[in-house]
Amino acid sequence: TAQFFTFTKDTKRNLTNSPVIELKIGVKDFIALGKLTRLATALENTYVSLTSEFVQDTAKTPNHIVEIESEDAIQASEFFADKDSPSLVSWSLDMDVGFMYLTFDETVNASSLNLEA
């Protein structure tokens with residue numbers, strides 16, 4: 001089955017009128033997107049669909065973008081895979097409940113945890 005993702009306000013946009021819009025994926029969105037195993041992992045599964053409310057042109061009476069429905073989603077023209085290794089950002093130890101909490105800068109595969117390494 002197909003997977004979908006909707007960006008939140010965590011993702012930031014540039015404020016320059018241009019035919020190219022650059023989005024900086026926010027940390028929360030990046031982590032949430034990384035949890036999806038069948039979306040945005042390769043060019044073959046990286047598509048975009050947009051509602052007509054996504055953006056307007058700069059005409060005196062603005063025109064909304066032509067909607068691209070999910071069944072007509074457009075494949076990315078390029079895809080650059082994540083090549084950065086995850087880094088441990090912080091950790092804590094709760095001796096009352098016996099838990100250790102490890103926080104990484106991106107989603108990690110929990111089943112790859114090797115406690116003997």
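The values are calculated or read from the model by the stated rules, or taken from the named source; none is laboratory data. A quick note: this is a predicted structure, and the numbers were derived from the prediction, not measured. Virtual Cβ from ideal backbone geometry, glycine too; neighbours counted across all protein chains shown. Please note that ligands, DNA and RNA were not included when accessible areas were found on the heavy atoms of the full protein model with its side chains. Shrake-Rupley method; radii C 1.70, N 1.55, O 1.52, S 1.80 Å.
Could you state the number of Å between the C-alpha centres of segment 43-63 and segment 65-117? Each part reduced to its Cα centre gives a spacing of 27 Å. Across the chain, the convex hull enclosing all Cα atoms gives 173 Å³ per residue. Summarising the amide proton neighbourhood of Phe104: residues at separation of 5 or more, or on other chains, whose placed amide H is nearer than 5 Å comprise Val89.
Normalised by the number of residues in the chain, the mean separation of alpha-carbon contacts (under 8 Å, six or more apart) gives a relative contact order of 18 percent.
Hey, which lysines would be in cross-link range of Lys83, C-alpha to C-alpha under 24 Å, not counting anything within fewer than 8 residues on its own chain? Answer for Lys83, where 24 Å is the Cα cut-off: Lys12, Lys24, Lys28, Lys35, listed by chain and number. Secondary-structure-derived ellipticity at 222 nm for the chain, considering helices only, amounts to -2000 deg cm²/dmol, per-run term -39500 (n - 2.57) for DSSP H runs with n ≥ 4. Within segment 10-77, report the chymotrypsin sites (Phe, Trp or Tyr not before Pro) that DSSP leaves as loop and that have at most 16 other Cβ atoms within 10 Å. Listed in order of number, the matching sites are Phe54. Can you give the accessible area of Leu93, probe radius 1.4 Å, in Å² rounded to 10? For Leu93, solvent-accessible area is about 100 Å².
Give the residue from Leu23, Ser70, Thr37 lying farthest towards the positive end of the charge dipole for segment 8-98; charges sit on Cβ (+1 for Lys and Arg, -1 for Asp and Glu) and the dipole is referred to the Cα centre. So the residue furthest toward the plus end is Leu23.
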